[in-house]
Amino acid sequence: INGELRESGKSSAVLGNPVTAIAWLANKLSEFGVAFEPGDVVISGSFVRALPVQAGDQVTARFDNGFGDVNLYID
């Protein structure tokens, strides 16, 4: 945030792999007769804690898997 490293982590911290977390959720929901539907948005979880931001902050998320950086400016 604003050029300061505040968090780092590995996606494998989400049940070993984010895809595993989604599979677990799908299996758990099926126990209750619930299924994902087309258009559903599913978030696998996070491997870093949420941090507060405020107007004027510049936030960069850097991914080492070839995805690159995601930059966000809070207006």
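Data overview
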item: Which labelled figure in (1) -0.88, -1.05, -1.09; (2) -0.72, -0.99, -1.07; (3) -0.76, -0.93, -0.97 is log10 I(q)/I(0) by the Debye sum over Cα atoms at q = 0.18, 0.22, 0.23 Å⁻¹, once derived from the coordinates; result: (1)
item: Stretch gain in nm, segment residue 43-residue 70, where the contour uses 0.36 nm per residue and the Cα spacing is subtracted; result: 8.0 nm
item: Distance between region 25-60 and region 1-17 - C-alpha centres, whole angstrom; result: 15
item: Options 53, 74, 22, ranked by Cα towards positive dipole end of the chain, top entry (Cβ charges); result: 22
item: Order by protection proxy (mean Cβ within 10 Å, highest first), peptides 7-17, 41-51, 62-72; result: 7-17, 41-51, 62-72
item: For the chain, size of Cβ-based charge dipole, Lys and Arg +1, Asp and Glu -1, in debye; result: 260
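Taken together, the values in this text are just the output of simple stated rules run on the coordinates, not laboratory data. For clarity, every value in this text was computed on a predicted model and none was experimentally measured. A quick note on method: Cβ atoms are made from the backbone with ideal geometry, for glycine too, and the neighbour counts reach across all protein chains shown.
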